[in-house]
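Colleague: Dropping a structure here in structure tokens format, bear with me for questions.
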Amino acid sequence: MSAAKSPAEVVKEPSMLKQKAMIADNYDKLTRAKELGLKVSSTYVPGNLNELLMCFGILNNLPEINAIQNGMRKLSGKLIADAEKMGLSEDVCTYVKADLGHMAKGAIAPNGKPMPVPDLLLLSYTGCFTFMKWFELLRDQYGCRTVMLHVPYEGDGKATKNMRDYVVKQLKDEVIPALEEISGVKFDIDRLRENLRRSAAAEENFVWVLESAKNRPSPIDAYFGGVFYIGPIFTAFRGTDEAVEYYRLLRQEIEQRIAAGKGPVTPDGEMAAEKYRFVVEGPPNWTSFRDFWRMFYEEGAVVVASTYTKVGGVYDYDGFRHDPERPLESLADYCLGCYTNRNLPMRVDMIQHYMEAYQADGFLVNSIKSCNSFSAGQLMMMREIEKRTGKPAAFIETDLVDPRYFSPANVKNRLESYFQMIDQKRRGGAHRAA
Amino acid sequence: MQQVSEIIDYCQTLYEDLSFAAAREWKAAEQGRKVVGYMPVYVPRELIHAGGMLPLGILGGGEDLEVIHGDAYYQSYICRIPRSTVELAVSKRLDFVDGMLFPSICDVIRNLSGMWKLMYPELYVRYFDVPQNYKDEIGGNYYVHELQELRQGLEGICGRTISDDDIRRSIAVYNENRRLVNAVYDFRAREPWKAPSWHVYLLMRAGMILPVEAHSQLLQDYLAAAAADDQPMRDNCRVILQGMFCEQPPLNLIKSIEFAGCYIVDDDCMLVGRWLLRAVPAAGDPIANLARAFLKYSTETAAKYEPDGSRKGRYLIEAVRQRGAEGVIFAAPSFCDPALLDRPMLANALTRENIPHISFKYAENSGQMQPIREQAGTFADSIKLWSEA
Ligand code: SF4
Ligand code: SF4
């Protein structure tokens, strides 16, 4: 039985209302772009250059977010089936298929209006091979102009000067000229600095929010709740006043929760007593997002840190901030440092740090069928974390937006046995201590 | 003169030997010799060779390797090559390898580089990135630096400086090898009845393990022997096989396609040997020359970005024309993102040119060939029907 409040009692906090309005406004602009005389660029969440696009007044459309929206609204299954009929293999990433299926159906936004075909595909090739093919596929279908920003992988666990110089050079010689041409606006580096200043201000509060999960009880869920908190900073709002305001509000709300000794807010209201603290690796499932989350909060399980909330930029672990004094270099560093652009040893170190700093009871991998970038190597990461922390790790398999790969009974069984295992381990620990 | 069968038997022995005895023997023959492993799709083997080391192509465990440990490292929805490669490593079949290079081909191989670092912290392990920007002053500069870093890393293995002259000499040696590899491919396209594809495949596989000089000699011997070999010409249709650039097909798959009535006149297996499309200048700055060759005349494949949308798939159409192929068979490893994501675009390009194509998936250990034989047979029949109509 859920110990949380019924949905009717759940009060939407100001930050939630603010984010909702921001998203609605962005979709409104995107769907009225022609009428408003605005240009639209599509790009990815990792390596998203929102501050730069803002310099040219170009709207930022993120196809992963559209796929998530369609997943949460239970529309993606049909879109994926359509894309498979168009020749996409059942084996490949379902974001790509949901997006291609969506485009083929007229790309209807959540506001019910069609999205425009983008004026530019800004192929920020950061941390995922599929990105390259995804925009090649869109280009093949819609003939969109495409500009590639190749961000080298941190294969040796660091960003080298050569990598940074290469990214900056591409920004200067490839990306900025394309944006100028499309928008008809001359690049103004001071405008970029201003945007970056606002990014850094928002990032400061964002990191505070993530780190609030070190409290006991944690006032936030850093995975299921975290996907909402990353919304503005990972998408079309980084660098805006609205994002600064959003994170200010969010921080205030969380400060109050900490002061009141409260746990996270869930779709069913306040979570009951915190029993388990986890670190989670991998993206969530979107088609059954609420059911998935419920399996946690009904058991008093809270996620105190997650790697998915680092996919569009890592701000907490090594303190990166966008820097107005080094505008293009810091955009390059941002792209280079996104979570899946870091090699596996770095990912393991990061998770180990979260396990320790957030006093987690265990490590859970949500392995996503679609995503080799995340998933290849996760079994080894699990073993490595178990070895280093002595905490039990567990593994579940789902998919992002393909409803065929979310089996509620299996996932629930797995989680229940895992919770039991942690209980046993605790009892064992208590016996030993006694 | 050696017989074709002798040469191919020798290649088959090398192919079947999962202990890499030939490379072990090479290493043991002289004190201080080193071996550097690499995975698909491309590394500049010239640099390894220039350090006096043996580049060893590691293409998974093939059809006969029993994967016992490897499955514990990978979920079921990831292709087979990384798990069989891990199997080779944990079963100590690669314990003589002194360094490993993981090229930029996909996220699986990319992440495997990190796994290797975790498993073998003492070993030189490098994720070898290549530019996706092909302008000299952008991607070119970046790549020159990456090559220099690789050179330094390799110097750490061989324990000596790799000089420009060393690299120039190696470039010349590999130019000769590329010339011969291309000659074999050209010969097969001209007279496919004399050069069955499984022969050509085994010959190219031998190039993954033998020293380049020995491989070049083998290719030369084969060309002479095959030209003299009198084989009947069959009424087969001519096809290109596409999508096999990483996880390798079982040998039976290649044989099955031929038995089904198709002459394979081109393929994209083991692209490393044909990656650079022209001879690299052996004079001048060797690193700059290798970089320039990569940027300006390297092969097209799914792991590379095509900046010009109108050219997507063009190379395949050109290959069809040049090789006189009548159709394309897309054969991709299951769960292979690069091959499977590229396929619809290539297929569209072929359709626009009225070039017939079919597709199927395989794994390196696929055992059931009947469906593939039937599909290829039907494809061959339909091509013949169209051409007669
Ligand atoms: S493969 Fe993974 S990172 Fe890449 S687009 Fe799909 S979900 Fe995103
Ligand atoms: S078979 Fe395909 S997906 Fe698998 S490692 Fe090779 S390129 Fe990557």
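The values are calculated or read from the model by the stated rules, or taken from the named source; none is laboratory data. Small disclaimer: the values here were computed from a predicted structure and weren't measured. Cβ: placed from backbone, ideal geometry, glycine included. Neighbour counts: every protein chain shown.
Colleague: Could you please let me know if B:Glu326 is within 30 Å of A:Phe374 (Cα to Cα) and in contact (Cβ under 8 Å) with a residue 40 or more places away in the chain?
Modeller: Numbers: within 30 Å of A:Phe374 (Cα to Cα): no; in contact (Cβ under 8 Å) with a residue 40 or more places away in the chain: yes.
In short, no.
Colleague: Got at least one residue in region A:121-131 being part of a loop (DSSP other than H, G, I, E, B) and either surrounded by fewer than 24 Cβ atoms within 10 Å (Cβ to Cβ) or more than 10 Å from chain B (Cβ to nearest Cβ) (or both)? First the steps, then the outcome.
Modeller: Residues of region A:121-131 that are part of a loop (DSSP other than H, G, I, E, B), as a first pass: A:126-129.
From what is left, the residues that are either surrounded by fewer than 24 Cβ atoms within 10 Å (Cβ to Cβ) or more than 10 Å from chain B (Cβ to nearest Cβ) (or both) are A:126.
Yes: region A:121-131 contains one or more residues that are part of a loop (DSSP other than H, G, I, E, B) and either surrounded by fewer than 24 Cβ atoms within 10 Å (Cβ to Cβ) or more than 10 Å from chain B (Cβ to nearest Cβ) (or both).
Colleague: Exactly one of these conditions fails for A:Val92: (1) away from ligand 2 (no atom under 16 Å from the Cβ); (2) more than 21 Å from B:Pro307 (Cβ to Cβ). Give me its number.
Modeller: Checking A:Val92 against (1) away from ligand 2 (no atom under 16 Å from the Cβ); (2) more than 21 Å from B:Pro307 (Cβ to Cβ), the one that fails is (1).
Colleague: Looking at A:Glu397, A:Glu325, A:Glu386, A:Glu416, can you tell me which residue is of a type in the set (Asp, Glu), at pLDDT 95 or above, farther than 30 Å from A:Arg164 by Cα and not in a helix (DSSP H, G or I)?
Modeller: Values: A:Glu325 fails: farther than 30 Å from A:Arg164 by Cα; A:Glu386 fails: not in a helix (DSSP H, G or I); A:Glu416 fails: not in a helix (DSSP H, G or I).
Every option except A:Glu397 fails the conditions.
Yes or no, residue by residue, for (1) surrounded by 20 or more Cβ atoms within 10 Å (Cβ to Cβ); (2) closer than 27 Å to A:Arg342 by Cβ; (3) touching a Phe, Trp or Tyr at 6+ places or on another chain (Cβ under 9 Å):
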site: A:Asn162; (1), (2), (3): no, yes, yes
site: A:Ile189; (1), (2), (3): no, no, no
site: A:Glu194; (1), (2), (3): no, no, no
site: A:Phe224; (1), (2), (3): yes, yes, yes
site: A:Val227; (1), (2), (3): yes, yes, yes
site: A:Ile230; (1), (2), (3): yes, yes, yes
site: A:Phe237; (1), (2), (3): yes, yes, yes
site: A:Glu242; (1), (2), (3): no, no, no
site: A:Leu250; (1), (2), (3): yes, yes, yes
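Colleague: Now, a different point. Taking the condition in the same structural domain as B:Val328 (by TED's automatic domain parsing) and assigned to a helix (DSSP H, G or I), does B:Ile240 pass? Explain how you work it out, then say what you get.
Modeller: On the way: in the same structural domain as B:Val328 (by TED's automatic domain parsing): yes; assigned to a helix (DSSP H, G or I): no.
When the stated conditions are applied, B:Ile240 does not pass them.
Let's see how each residue does on (1) buried (at least 23 other Cβ atoms within 10 Å of the Cβ); (2) more than 16 Å from ligand 2 (Cβ to nearest atom); (3) farther than 23 Å from B:Ile81 by Cβ; (4) not small (Gly, Ala, Ser):
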| position | (1), (2), (3), (4) |
| --- | --- |
| B:Asp221 | no, yes, yes, yes |
| B:Ala225 | no, yes, yes, no |
| B:Met244 | yes, no, no, yes |
| B:Pro249 | yes, no, no, yes |
| B:Phe259 | no, yes, yes, yes |
| B:Ala282 | no, yes, yes, no |
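Colleague: Report, by residue number, each residue of region A:117-132 that is over 17 Å from A:Ala178 (Cβ atoms) and more than 16 Å from ligand 2 (Cβ to nearest atom).
Modeller: A:Thr126
Colleague: For region B:117-129, does any single residue satisfy the condition of being more than 7 Å from chain A (Cβ to nearest Cβ), within 15 Å of ligand 2 (Cβ to nearest atom), within 30 Å of B:Gly367 (Cβ to Cβ) and surrounded by fewer than 24 Cβ atoms within 10 Å (Cβ to Cβ)?
Modeller: no
Colleague: Here is a follow-up. Restricting the search to region B:305-348, which residues are part of a loop (DSSP other than H, G, I, E, B), within 13 Å of chain A (Cβ to nearest Cβ) and either more than 16 Å from ligand 1 (Cβ to nearest atom) or hydroxyl-bearing (Ser, Thr, Tyr) (or both)? Working first, answer last.
Modeller: Pass one, region B:305-348, residues part of a loop (DSSP other than H, G, I, E, B): B:305-308, B:312-313, B:324-326, B:334-336.
Retained after the next criterion (residues that are within 13 Å of chain A (Cβ to nearest Cβ)): B:305-308, B:312-313, B:334-336.
Scanning region B:305-348 gives B:Tyr305, B:Glu306, B:Pro307, B:Asp308, B:Lys312, B:Gly313, B:Ser334.
Colleague: Just for region A:85-120: of the residues that are assigned to a loop (DSSP other than H, G, I, E, B) and touching a Phe, Trp or Tyr at 6+ places or on another chain (Cβ under 7 Å), which one is farthest from the other protein chains (Cβ to nearest Cβ)?
Modeller: Initial filter on region A:85-120 (assigned to a loop (DSSP other than H, G, I, E, B)): A:86-93, A:105-107, A:109-113, A:115-119.
Checking which are touching a Phe, Trp or Tyr at 6+ places or on another chain (Cβ under 7 Å) leaves us with A:91, A:109-111, A:117.
Working: A:Asp91: 5, A:Ala109: 25, A:Pro110: 27, A:Asn111: 30, A:Val117: 14 Å.
The qualifying residue farthest from the other protein chains (Cβ to nearest Cβ) is A:Asn111.
Colleague: Taking A:Ile351 as meeting all but one of (1) away from chain B (no Cβ under 14 Å); (2) buried (at least 24 other Cβ atoms within 10 Å of the Cβ); (3) assigned to a helix (DSSP H, G or I), write down the number of the exception.
Modeller: Going through (1) away from chain B (no Cβ under 14 Å); (2) buried (at least 24 other Cβ atoms within 10 Å of the Cβ); (3) assigned to a helix (DSSP H, G or I) one by one, A:Ile351 breaks only (1).
Colleague: From the list A:Ala259, A:Ala272, A:Ala332, which residue is modelled with pLDDT of 95 or more and either hydroxyl-bearing (Ser, Thr, Tyr) or within 22 Å of A:Ser218 (Cα to Cα) (or both)?
Modeller: Details: A:Ala272 fails: modelled with pLDDT of 95 or more; A:Ala332 fails: either hydroxyl-bearing (Ser, Thr, Tyr) or within 22 Å of A:Ser218 (Cα to Cα) (or both).
Answer to the check: A:Ala259.
Colleague: Something else about it: Against the definition (touching a residue at least 12 places away in the same chain (Cβ under 8 Å) and more than 16 Å from ligand 2 (Cβ to nearest atom)), how does A:Gly312 come out, yes or no?
Modeller: Yes; evaluated as a whole, the condition is true for this residue.
Colleague: Given A:Met54, A:Met72, which one is more than 14 Å from chain B (Cβ to nearest Cβ) and crowded, with 21+ Cβ neighbours inside 10 Å? Outline the logic, then answer.
Modeller: Details: A:Met72 fails: crowded, with 21+ Cβ neighbours inside 10 Å.
One residue alone meets the criteria, A:Met54.
Colleague: How many residues does region A:142-177 hold that are under 30 Å from A:Ala107 (Cβ atoms), more than 9 Å from every other protein chain (Cβ to nearest Cβ) and not aliphatic (A, V, I, L, M)?
Modeller: The qualifying residues number 2.
Colleague: So, one more: Limited to region A:141-155, what total is found for residues that are farther than 13 Å from A:Leu331 by Cβ and buried (at least 20 other Cβ atoms within 10 Å of the Cβ)?
Modeller: Of the residues in region A:141-155, the ones farther than 13 Å from A:Leu331 by Cβ are A:141-148, A:150, A:152-155.
Subset that is buried (at least 20 other Cβ atoms within 10 Å of the Cβ): A:146-148, A:150, A:152-155.
Summing the residues that are farther than 13 Å from A:Leu331 by Cβ and buried (at least 20 other Cβ atoms within 10 Å of the Cβ) in region A:141-155 gives 8.
Colleague: Say we look at region B:61-79 and pick out the residues that are more than 15 Å from B:Arg110 (Cα to Cα) and out of contact with any Leu (no Cβ under 8 Å at 6 or more places or on another chain); which of these is nearest to ligand 1 (Cβ to nearest atom)?
Modeller: B:Tyr77
Colleague: If I ask for residues that are in a helix (DSSP H, G or I) and touching a residue at least 12 places away in the same chain (Cβ under 8 Å), which ones from region A:137-171 would you list? Spell out the reasoning first.
Modeller: Of all residues in region A:137-171, those in a helix (DSSP H, G or I) come to A:137-142, A:161-171.
Across region A:137-171, the qualifying residues are A:Leu137, A:Leu138, A:Arg139, A:Gln141, A:Tyr142, A:Met163, A:Arg164, A:Tyr166, A:Val167, A:Val168, A:Gln170, A:Leu171.
Colleague: Follow-up question, since we're still on this one. Would you call B:Asp71 part of a loop (DSSP other than H, G, I, E, B), without any contact (Cβ under 8 Å) to a residue 40 or more places away in the chain and not β-branched (Val, Ile, Thr)? So that I can check it myself, show each step before the final result.
Modeller: Numbers: part of a loop (DSSP other than H, G, I, E, B): no; without any contact (Cβ under 8 Å) to a residue 40 or more places away in the chain: yes; not β-branched (Val, Ile, Thr): yes.
No, not satisfied.
Colleague: For region B:284-311, which positions are over 21 Å from the mean Cα position of the chain (by Cα) and more than 14 Å from B:Asn133 (Cα to Cα)?
Modeller: B:Gly284, B:Asp285, B:Pro286, B:Ile287, B:Ala288, B:Asn289, B:Gly309, B:Ser310, B:Arg311
Colleague: List the number of the failed condition for B:Ala380; all other conditions in (1) away from ligand 2 (no atom under 16 Å from the Cβ); (2) buried (at least 23 other Cβ atoms within 10 Å of the Cβ); (3) aliphatic (A, V, I, L, M); (4) within 14 Å of chain A (Cβ to nearest Cβ) hold.
Modeller: So the condition that B:Ala380 fails would be (4).
Colleague: Okay, moving on. Which one of these does B:Thr351 not meet: (1) within 19 Å of B:Val43 (Cβ to Cβ); (2) among the polar types (S, T, N, Q); (3) within 14 Å of chain A (Cβ to nearest Cβ)?
Modeller: (1)
Colleague: To continue, here is another question. Please count how many residues of region B:87-110 are within 13 Å of chain A (Cβ to nearest Cβ), closer than 23 Å to B:Gln152 by Cα and out of contact with any strand residue (DSSP E or B) (no Cβ under 7 Å at 6 or more places or on another chain). Even if it seems obvious, please write down each step before you answer.
Modeller: Applying the first criterion (within 13 Å of chain A (Cβ to nearest Cβ)) to region B:87-110 yields B:89-90, B:100-110.
From what's left, closer than 23 Å to B:Gln152 by Cα: B:100-105, B:109-110.
From what's left, out of contact with any strand residue (DSSP E or B) (no Cβ under 7 Å at 6 or more places or on another chain): B:105.
Count: 1.
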